[in-house]
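Q: Provided herewith is a single structure, encoded as structure tokens, for subsequent inquiry.
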Amino acid sequence: MNKLTLADLCELVVDCKNRTPPEAAPGEQAVGFAIGTPNIVNGRIRLSEAKPVSQGTFDIWTARATPREGDIILTREAPVGRVGRIEEGMNVCLGQRTMLLRPSKQYSDSRFLHYFLLSPTLQDLLQSQASGSTVAHLRLGQVRELKIPPVPEVEAQRRIGAVLGALDDKIAINERISAAAMELGRVKFQLLSNSAHEKVTVGDVVELKYGKSLPATRRIAGLIPVFGSGGISGSHNEFLVKGPGIAVGRKGTVGTVYWSEVDFFPIDTTFYIACKSNKVSLEYMYFALRGLGLEYMNSDSAVPGLNRERAQSLLLRIPASEAMQEFTVEARNLFRLQRSREEENLTLATLRDALLPQLMFGRLRVKDAEKIVEDHA
């Protein structure tokens, strides 16, 4: 089927309110999450960092349309072109700089449209339409009237969507396994910490060391992950810290705590952790730091910042040596499990991204793609 515009494949194209929905206040019941540009990563909506919203806010921010399973959220600014599909059980509203696309059941399959928008061809079209003297952005009309290449009939779309979706389903399973492993580690840490009697300050046992400046223009693509306060922000060919290790957000996204199983490069918006005492392990400190409320310790009203001395003065409990060693071994296995799932997901995502343009534009038969996916998923 040859459709001229993106709107022809959609039942509905709705803009957001162009205001940031307020986060649910402490003690206020949250009924859903606001999805903004930071919450859409690699084609997926991530609720883990999304802001919870109250019923009143949810009602106001869904007045134009209530997002439902199968709808697609497209970012129209900062950056343009991120795409996420609403899955079963997601109760969300549009955050700032987003649009809602509801696929037409007559002309498009939800999964196909999701991958179609992620394809290099559509991404290039979206970027070419973006305008703005300072920040590139898309207007509602530009998205609706975006001229698109021909697409298959709906039944063929469903088959393509199912093939690529099988890989994403496996990725989602791995993500849940990783999340369950980290939750198990958190629970084990909590039980151990609650039963411990010795109290020390963070600074007694570890040092928060400053990361090093590494602008994107100076990075040489390699296998070393580069950590900023928002997580991995690229790669480099040299490491600053031998893995495994911990990076902590210092400027920007304050108090975030990241684990790297491999050598890594924390930039100057982060701290990294160096143990000063054999009373604690990095594995123990990862869970301890995540429970200290560092994200609420902004010391600068203009540019969010985590004060090093204040963070190092916080109290924590540490268990006896034997219990610490036992926990460290258990946590080490959990981190290894998480790493193995991340590596498998990288392979699956690479395969998906390679198949995507081939299937989208008829350069690979669906039957052949199904066999390839069956061998991997």
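Q: When the chain is fully extended, how far beyond the present Cα-Cα distance does Thr347 get from Ala25, taking 0.36 nm per residue of separation?
A: Contour length minus Cα-Cα distance gives 111.9 nm.
Q: What is the local net charge at Arg365, summed over the other residues whose Cβ is closer than 13 Å to its Cβ (Lys, Arg +1; Asp, Glu -1)?
A: Once all neighbours under 13 Å are counted, the net charge is +2.
Q: Still on this structure, I have one more. In debye to the nearest 20, how big a dipole does the range 244-290 give about its Cα centre with +1 on each Lys and Arg Cβ and -1 on each Asp and Glu Cβ?
A: On the way: 5 positive and 4 negative charges, 53 e Å.
My answer is approximately 260 debye.
Q: Each label point is 7 Å from the Cα along the Cα-to-Cβ direction; what then is the distance between the points at Val262 and Gln358, in nm?
A: 2.4
Q: Provide the packing ranking of 336-347, 102-113, 365-376, i.e. peptides ordered by the mean count of other C-beta atoms within 10 Å per residue, highest first.
A: 102-113, 336-347, 365-376
Q: Calculate, for Thr121 and Asn18, the FRET efficiency according to 1/(1 + (r/R0)^6) with r their C-beta to C-beta distance and R0 35 Å; round to the nearest 0.05.
A: Working from the Cβ atoms, E equals 0.75.
Q: Additional query: Give me the number: length gained by fully extending Ile173 to Lys147, i.e. 0.36 nm times residue separation minus the C-alpha to C-alpha distance, one decimal in nm.
A: Here the segment from Ile173 to Lys147 would lengthen by 5.8 nm.
Q: Considering every Cα-Cα pair within the chain, what fraction, in whole percent, is farther apart than 34 Å?
A: Details: 25860 of 70876 pairs.
Result for the distance tail: 36 percent.
Q: Run the Debye formula on the Cα coordinates of the range 283-377, all scatterers equal and no solvent, and tell me log10 I(q)/I(0) at q = 0.19, 0.22, 0.23 1/Å.
A: Once normalised to I(0) and log-transformed, intensities are -0.95, -1.09, -1.13.
Q: Let me ask something else. Separation between the Leu47 and Gln190 pseudo-spin-labels, each 7 Å from Cα along Cα→Cβ, expressed in nm?
A: Here the answer is 1.8 nm between the modelled labels.
Q: Please list, in order along the range 31-41, the HN-Hα scalar couplings obtained from phi with the Karplus expression 6.51 cos²θ - 1.76 cosθ + 1.60 (θ = phi - 60°), rounded to whole Hz, x for Gly and Pro.
A: 10, x, 10, 8, 9, x, 4, x, 8, 10, 9
Q: Report the label-to-label distance for Thr201 and Ser313 in nanometres (one decimal), using points 7 Å from each Cα along the Cα→Cβ vector.
A: 0.7
Q: Continuing with this model, one more query. Roughly how far apart, in whole Å, are the Cα centres of the range 229-299 and the range 312-377?
A: 20
Q: Over the range 103-218, what lengths in whole Å, largest first, do the semi-axes of the equivalent ellipsoid take, defined as the square roots of 5 times the eigenvalues of the alpha-carbon gyration tensor?
A: Largest first, the range 103-218 gives 46, 26, 12 Å.
Q: Turning to a different aspect of this structure: Extent of the range 6-151 along each principal axis, from alpha carbon coordinates, in Å, largest to smallest?
A: Sorted from largest, the Cα extents of the range 6-151 read 50, 38, 25 Å.
Q: Could you run the Debye sum over the Cα atoms of the range 197-318, one equal point scatterer each and no solvent, and tell me log10 of I(q)/I(0) at q = 0.21, 0.22 Å⁻¹, two decimals?
A: -1.14, -1.23
Q: Please list, by residue number, everything in the range 57-94 whose backbone N is under 13 Å from a paramagnetic label point 7 Å out along Cα→Cβ of Thr5.
A: Under 13 Å, as judged by backbone N against the label point of Thr5, lies no residue of the range 57-94.
Q: What full-extension length gain, to one decimal in nm, is calculated for Leu223 and Arg365 as 0.36 nm per residue of separation minus the Cα-Cα distance?
A: Extending this stretch completely gives an extra 47.8 nm.
Q: Another question, if that's okay. Name the residues whose placed amide hydrogens come within less than 5 Å of the amide hydrogen of Ile45, ignoring near sequence neighbours (fewer than 5 apart) on the same chain.
A: Close amide H contacts, sequence-distant or interchain: Arg85.
Q: Next question, about the same structure. Listed highest first by mean packing, meaning other Cβ atoms within 10 Å per residue, what order do 75-82, 193-200 come in?
A: Answer by packing, highest mean first, reads 75-82, 193-200.
Q: What dipole magnitude, in Debye to the nearest 20, does the chain give about its Cα centre under +1 on Lys/Arg Cβ and -1 on Asp/Glu Cβ?
A: Dipole of the chain, to the nearest 20 debye: 620 debye.
Q: How much of the DSSP bridge set in the chain is antiparallel, in percent, rounded to the nearest 5?
A: If I count the DSSP bridges inside the chain, around 90 percent turn out antiparallel.
No lab work stands behind these numbers, since they all come straight from the coordinates. No experiment lies behind these values; they were computed from the predicted model shown. When we count neighbours, we look across all protein chains shown, and the Cβ atoms used for this are built from the backbone with ideal geometry, even at glycine.
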